[in-house]
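Down below is the structure, laid out as structure tokens.
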Amino acid sequence: MQFPNESKAYRAARNDLLKAEIDLRRQIEKVATLRRSLPAGGEVAEEYVFDGQQGKVKLSQLFERGDTLVAYSFMYGPKMQRACPMCTAVLDGLNATREIRALEAALGLARTPIVALSANALPEHIAEAGAAGMDGHLAKPIRPDDLIALLSRTLEEKAAQAA
């Protein structure tokens, strides 16, 4: 493909950029494959407590209505108020959700509640998350109380569907 009136130098640079983007995508996929193949992590030795606007909430309380919690790792620098968007964007949550849903269907597994925690907050982004199989959406910046409310609502809906 060529754009009208583009120079040879522009085309060469554009082709170099395309190759670099393809190489980057392949590297991201390699890292994602390595991440998915990690063995199970260690047991949490002590109770983790979140400071929410309505008081403290223990991590174990998030499991009161189920035994599975999917969390995405946010990366913060020492002086950052918000998670780094580039550092936390390596995994594609939409494709991961589609894969989880396909695996559940293929193996006859119960549906795992999955919620999106995303800076993509436009109506079409929320619809795309739902179409991928996510059970809820919360826009960044994430407040602990909002997260707890979304997880509680999602788990209540799962319990109601199971009943």
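The values are calculated or read from the model by the stated rules, or taken from the named source; none is laboratory data. Bear in mind the structure is a predicted one, so any value in this text is a computation, not a measurement. Using ideal geometry, Cβ is built from the backbone for each residue, glycine included, and neighbour counts are taken over all protein chains shown.
Residues in the range 30-47 that are surrounded by 11 or more Cβ atoms within 10 Å (Cβ to Cβ) and without any contact (Cβ under 8 Å) to a residue 12 or more places away in the chain: none.
Okay, residues lined up against (1) within 26 Å of Asp92 (Cβ to Cβ); (2) modelled with pLDDT of 85 or more:
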residue: Arg11; (1), (2): no, yes
residue: Ile22; (1), (2): yes, yes
residue: Arg25; (1), (2): yes, yes
residue: Glu29; (1), (2): yes, yes
residue: Thr33; (1), (2): yes, yes
residue: Pro39; (1), (2): yes, yes
residue: Glu46; (1), (2): no, no
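In the range 5-55, what count of residues is obtained for those that are closer than 21 Å to Ser152 by Cβ and either acidic (Asp, Glu) or in contact with a Phe, Trp or Tyr (Cβ under 7 Å, 6 or more places away or on another chain) (or both)? Going through the range 5-55 one residue at a time, the tally reaches 2.
When every residue of the range 124-133 is checked against the conditions, none turns out to be surrounded by 18 or more Cβ atoms within 10 Å (Cβ to Cβ) and modelled with pLDDT under 90.
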